[in-house]
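Values in this text are rule-based calculations from the coordinates and carry no lab data. Because the structure is a prediction, the values reported are computed rather than measured. Positions of Cβ are generated from backbone atoms using ideal geometry, with glycine treated the same way; all protein chains shown enter the neighbour counts.
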Amino acid sequence: MKILIAMMKHETNTFSPIVTDWHRFESWSAHFGSKALDFYENTGMPTAAYIKLARDAGAEIVLPVAAEAMPAGIVTEDAYNRINDAICDAVVAGCDLALLDLHGAMVAETTLDGEGTLLERIRLIAPDLPIGVTCDFHCNLTQKMLDNCTALIGYKTYPHVDMYEVGMQVGRIVLDSVAGKVHPVMVRSQLPLLSHTLKQGTDDQPVKSLITACREAEKEDSILAATFFGGFPLADVPDAGSSTVVVADAHKIMAEQKSRGIADLAWQQRADFVYHCSSLPETIKKAGRFSEYPVILLDHEDNCGSGGTQDVMAVIREIMAQDLDGVAVAAVCDPGSVAEMQKAGVGSDITIMLGGKTDIPSLSLKGKPLQVKGKVRVLTDGCWTVHGPMYTDVEVDMGPSAVLDTGKLKIVVVSVHHEPWDVGVFTSLGIQPQYEKYLLLKSRIHYRAGFASIGRQTLTCDGEGVTTSRNELLHYQNLRRPIYPLDEDAAY
């Protein structure tokens, strides 16, 4: 047996000003052939699970490409075609089975449905090829995706700490289908619900109850996999939003019942999917009244893990205005400022205009750099390996990085976007986060993977940025309407 394994992952924020070109894939993770195999085999990713299944089956492995870019704006035609062509050329060359590690919210210059377009192209090349797919919890599931694969599943955790497990699950389903042991059928239920990402944590309600419902469904003999997708609300595409998919063994009626049942449960709790903002100055004042540390402050509207520019200074500016002391920040992406600190050298006192280098036209926001005085404490190449539960054993490259110490703030400044989901964003630069009073993280939910166990309190800071939860500020043109909560009269 010859098994094709490939990765194509990007969460596209269509409101982000950052272009996702091929260089952006290369700066995060883009590998071909044997290099891709070596890079991912011993990690906690779905691709690693696929490799393990293929080796256990004694199969020949074909891994043409494994490419992922940090979330940002629309993927260029060139970048999209490089990945697609590599995968489809391998299908043309021949294989018996395909296992794909996808995201589910990719938008390219040539398609609003990056994954569906890829799967449709593969199906045209090989109409009978068994295809297994893993998708991110934030997948905006389309019918085109389901129509062109054998079985599709999504992560049941946010932060995503079960990627390997779901890869194993869907891989076994497809291998069993090849052996004639099961006959997968899939049913999707799409909700008119554009849920806010801050309300999608799988350890919290309402999503916790939906994950439980999925796991209960999978206990039934005829149900092979059940998934609730929170969806990605920052993609202006027709199918953005929450959905369910159930894979059953030759029992479509059962799949329909379970899929609709989980969707009904989500719709009953729709009001709980809405995040309500609060005053930023009041939030920082509240932080200053705590006496148990560390206190985690989430600069969630500038989260590069959802396409943010990671250089908006609104929350840092308010922290400095209120003279909050003992704050470690991860991270501001500003390669120019890093270069200035490199030139000055470790131990040097320096004044820089930090951040605010990027305009955000979709929100009519101009970049606002912040003058910061401090000492250059640390300079590194920004390379380290994740040891936490999310992206386990994946090598990270934040580009040249530095720590600017103002006396009250230790600001990690990087050259390549990276969301702080692992403590390595601090420890690789000599900061021990468990001993800081405040941790300001440009993250929303993923921070929990590395920091939930050390944080004593957590506050969401409603600043500025393209990962806003105030979706009413965004100008959707392709999104299906009506949809809740943008439209209170949306019906299901």
Could you please rank E77, E41, placing first whichever residue has the fewest other Cβ atoms within 10 Å of its Cβ?
E77, E41
Area projected by the alpha carbon convex hull of the chain, averaged over all directions, nm²:
21.3
Restraint check, K156/K252; K156/K366; K285/K366; K35/K343; K144/K208, Cα-Cα greater than 31 Å:
K156/K366; K35/K343
Cα-based equivalent ellipsoid, region 2-273: semi-axes from gyration tensor eigenvalues, Å
26, 23, 16
Longest principal axis of the chain (C-alpha) makes with the long axis of helix 252-268 (C-alpha) an angle, in degrees to the nearest 10, of 30
Would you calculate, for the chain, the mean residue ellipticity at 222 nm contributed by helices, counting each DSSP H stretch of 4 or more residues as -39,500 (n - 2.57) and dividing by all residues, to the nearest 500?
-8500 deg cm²/dmol
Cleavage-rule hits (GluC sites (Glu not before Pro)) in region 387-492: DSSP loop, at most 16 neighbouring Cβ within 10 angstrom:
E488
Quick one: net charge of D302's neighbours, Cβ under 15 Å, K/R +1, D/E -1?
-2
Determine the shape class of region 40-194: with a ≥ b ≥ c the square roots of the Cα gyration tensor eigenvalues, call it rounded for a/c under 1.5, and otherwise prolate if a/b is greater than b/c, oblate otherwise.
rounded
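Looking at the square roots a ≥ b ≥ c of the eigenvalues of the Cα gyration tensor of region 106-157, which shape do they give, rounded for a/c under 1.5, prolate if a/b is larger than b/c, or oblate?
Verdict is oblate for region 106-157.
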Checking the cross-link filter: which aspartates and glutamates have an alpha carbon closer than 12 Å to that of K181, excluding same-chain neighbours under 8 positions apart?
D249
Residues K258, K199, sorted so that the one with the fewest Cβ neighbours within 10 Å comes first:
K199, K258
Tell me, which cysteines of the chain are without a disulfide-compatible partner by the Cβ under 4.7 Å rule?
C88, C95, C149, C214, C277, C304, C333, C383, C461
Angle between the Cα long axis of helix 207-218 and the longest principal axis of the chain, 0 to 90 degrees, nearest 10?
20
Report, in debye and to the nearest 20, how large the dipole of region 280-468 comes out about its Cα centre when Lys and Arg carry +1 and Asp and Glu carry -1 on their Cβ.
480
Length-normalised contact order of the chain in % [C-alpha pairs under 8 Å, at least 6 apart]:
17
Rounded, prolate or oblate (a/c below 1.5 giving rounded, otherwise prolate when a/b exceeds b/c) for region 280-468 by Cα gyration tensor:
rounded
